[in-house]
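The values are calculated or read from the model by the stated rules, or taken from the named source; none is laboratory data. No experiment lies behind these values; they were computed from the predicted model shown. Cβ: placed from backbone, ideal geometry, glycine included. Neighbour counts: every protein chain shown.
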Amino acid sequence: MAFKDLATQKHDDLTPEQIEAKAIHIFVDTDFKRSDAPGTPIFVLAMLEKLRYIRKLEDLVNKSFHEQMNEVSQIVRAHYVENKGKLTIWGEIKRYYFRYKADSPAIVFDTNGNVIGESFLAEGHASLSVGGKDITSLLPIIGGDK
């Protein structure tokens, strides 16, 4: 099954390996606070929310932890350079959180791709709902999917 199909498949229908692949991601932390972008409509933040994540890392599932760390280090360095250290609206990139399993602590990387610790950070995110139903995933992304 292709990874893109995992995104739309119900959780109950996934194998443990597919659930693990779906959980892998890197959160790009900018220490953003709502007050950093006064007057910015929440729907704009929700549309740009995807910029704060690096996904499509399913190839890491079958690699050793050491190989994962090396590859994530390279991804982090490349992402930082490509974005010139900033994310649209979100601000200056401070650190990266690599979550390799849903129930594990995130491995924290600095902007040079060095491991600096681990954290059980609860990643905040902007979302948009209508009638109590989250519709954020239905919004188009502005600025491209990273």
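Here are some notes:
- Boolean, ASN83 is closer than 30 Å to THR40 by Cα and of a type outside the set (Ser, Thr, Tyr): yes
- Check on LYS86, in contact with an Asp or Glu (Cβ under 7 Å, 6 or more places away or on another chain) and more than 17 Å from ILE116 (Cβ to Cβ): yes
- Pairs linking a residue in the range 47-72 that is within 13 Å of ARG99 (Cα to Cα) to a residue that is acidic (Asp, Glu) and surrounded by 13 or more Cβ atoms within 10 Å (Cβ to Cβ), with Cβ atoms under 8 Å and 6 or more positions apart or on different chains, are LEU60/GLU71; VAL61/GLU20.
- Subset of the range 1-50 (residues that are at pLDDT 80 or above, part of a helix (DSSP H, G or I) and farther than 23 Å from TYR80 by Cβ): ILE42, PHE43, VAL44, ALA46
- Within the range 51-75, the residues that satisfy the criterion of being part of a loop (DSSP other than H, G, I, E, B), farther than 29 Å from PRO38 by Cα and of a type in the set (D, E, K, R) are LYS56, LYS63.
- The set of residues in the range 76-109 being part of a loop (DSSP other than H, G, I, E, B) and in contact (Cβ under 8 Å) with a residue 24 or more places away in the chain consists of ASN83, GLY85, THR88, ILE89, TRP90, ILE93, LYS94, TYR100, LYS101, ALA102.
- When TYR96 is tested against (1) hydroxyl-bearing (Ser, Thr, Tyr); (2) modelled with pLDDT of 90 or more; (3) more than 14 Å from the chain's Cα centre (by Cα), exactly one condition is not met: (3).
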